[in-house]
Amino acid sequence: MQKTDEPVGVREGVAAVPFHPPARRVRARPLVTAALPVAGVAVVLLLGGTRWLDQPAVQAWRTVCLAITVQAIPFLILGTLLSGAINAFVPADLFTRVLPRRPALAVPVAGVAGAVLPGCECASVPVANSLIRRGVTPAAAFAFLLSAPAVNPVVLTATAVAFPGEPAMVAARLLASLGTAAVMGWLWLWRGDEKWLRPALRRRPAGHEHGHAHGHGRWTEFRLGFQHDFLHAGGFLVLGAMAAATFNVAVPRAVLDAFSGTPWLSVLFLAALAVLLAVCSEADAFVAASLTGFSPTARLVFMVVGPMVDLKLIALQAGTFGRAFAWRFSAATTVVAVAAGALIGGALL
C-alpha cells in the first residue's frame with residue numbers, strides 16, 4: 001500500500017478529521033523463540049551421518065544432552081501446569097488470610113507454603129512482587145520466592161527419580177532449601193531495608209481479586225501462564241542440558257579432579273556452576289545426577305543454590321525490585337544456601 005500524508009476518510013464540506021486505521025496488534029512469537037534451542041539440539045542429534053558428529057566425544061555429548069532433556073521434560077510440563085493453575089484459580093488474598101500476622105512466624109509458614117504450591121523460578125519473582133503488593137510482608141514473600149521453586153512436590157519427585165534409591169538426597173534437599181528460605185526471610189526482617197525495593201508497597205488494584213489479569217478469563221490466564229512458564233523454562237532446560245553435556249565432555253578430567261578431590265573446592269565449584277547454568281528447578285536434579293565425579297554434598301549444594309540464585313533470577317530480581325535489592329539479596333542467598341547445603345549434606349549424606 002502506498003503511503004500518503006493526506007488524511008484518509010475526509011469528505012468535501014465536512015470538517016477534516018483524520019482517520020487512523022486500527023493499529024495492528026503485534027503478537028510475540030514465544031514459540032518461535034523457544035523452539036530455536038530445541039531445533040538446534042534436534043539437528044545435532046539427527047545429523048548422525050556427518051563425519052565430525054560421529055566422533056566419540058560428540059556422540060557422548062549427544063547422549064548426555066538427550067538423556068537430561070528427555071528425563072526432565074515430563075516434570076517440567078507437570079510443574080508448569082500446576083503453576084499456571086495456581087496462578088489462574090487460587091484467590092489473590094489467600095496468603096494474607098492464612099499467614100500469621102507476626103512477620104517472624106509468617107516467614108516459615110510462607111516457606112512451607114512454597115513447598116506445597118509448585119512454581120518455577122521464572123514465575124517466583126513476579127509472584128513475590130504480587131504478594132508484596134497485596135499486603136504480604138516482604139520477608140514472607142521472599143521466603144516463598146526461594147522455597148516454591150526449590151522444594152515443591154514436582155521438584156522433589158524429580159529428585160527422587162534422578163537419584164533412585166537415595167531418599168537421603170531428597171530429604172537433604174528439602175531441609176537445606178527450607179532452611180535457606182527461612183533464614184533469608186528472618187535476615188530480611190533483621191537487616192532488610194524497604195528502600196532497596198523499587199515497587200511501592202500497595203494493594204492489588206481492583207479487578208485482580210482472583211489472582212488473574214484484568215480482562216482475561218481464568219482459563220485464558222491459565223493457558224497464558226502455562227505457555228509463558230513452559231516456553232521460558234523449556235528454553236533454559238535445553239540450554240542447561242547442552243551446557244551440562246559440554247561440561248561433562250569438554251572439561252579435562254584433570255580439572256575436575258582438581259576440584260572434586262577437595263571437598264570445599266568441589267562445593268564452591270558446583271555452587272558457581274549452578275549460578276552460571278541457570279537450569280530449571282524441575283530439571284536440575286538430572287543435571288546434578290550426571291555430575292558423577294563430585295561428592296553427594298557438592299551435588300546437593302548445586303540443587304540448593306540453582307533454584308534460588310542464577311543469572312536469569314538475578315536479572316529478573318533487578319528488573320522487578322531494583323538492582324540494589326538484587327545484588328544484596330542474591331549474594332546473601334548464595335552464602336546461606338552454600339552453608340545450608342554443606343551442613344545438611346555433611347550430616348545426612
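Pairs please, first residue from segment 48-64 and charged (D, E, K, R), second anywhere and modelled with pLDDT under 70, Cβ atoms under 6 Å, 6+ apart in sequence or on different chains.
Final answer for the pair search is ARG62/LEU45.
Sort out which residues of segment 295-349 are open to solvent by 10 Å² or more (accessible area, probe 1.4 Å) and outside any helix (DSSP H, G or I), and write them in order of number.
Matches in segment 295-349: SER295, LEU349.
All but one of (1) of a type in the set (A, V, I, L, M, F, W, C); (2) under 16 Å from the mean Cα position of the chain (by Cα); (3) closer than 24 Å to TRP186 by Cβ; (4) modelled with pLDDT of 75 or more hold for ALA106; which doesn't?
Unmet condition: (2).
For segment 300-332, what are the residues that are among the basic types (Lys, Arg) and in contact (Cβ under 8 Å) with a residue 60 or more places away in the chain?
Step one: of segment 300-332, the residues among the basic types (Lys, Arg) are 312, 323, 328.
Once the filter is applied, which keeps residues that are among the basic types (Lys, Arg) and in contact (Cβ under 8 Å) with a residue 60 or more places away in the chain, segment 300-332 yields LYS312, ARG328.
In the list ARG253, ARG191, ARG202, which residue meets the criterion of being at pLDDT below 75 and farther than 22 Å from ARG62 by Cα? Walk me through it before giving the result.
On the way: ARG253 fails: farther than 22 Å from ARG62 by Cα; ARG191 fails: at pLDDT below 75.
Going through ARG253, ARG191, ARG202 in turn, just one is at pLDDT below 75 and farther than 22 Å from ARG62 by Cα: ARG202.
Among what's in segment 145-197 and is in contact (Cβ under 8 Å) with a residue 40 or more places away in the chain and aromatic (Phe, Trp, Tyr), pick the residue that is farthest from ALA342 (Cα to Cα).
Ranking the qualifying residues of segment 145-197, first place goes to TRP196.
The values are calculated or read from the model by the stated rules, or taken from the named source; none is laboratory data. Just so it is clear, the structure is predicted and the values come from calculations on it, not from any experiment. Glycine also receives a Cβ, built like all others from the backbone with ideal geometry; neighbour counts cover every protein chain displayed. The accessibility values were calculated without ligands, DNA or RNA, using every heavy atom of the protein model including side chains. Shrake-Rupley method; radii C 1.70, N 1.55, O 1.52, S 1.80 Å.
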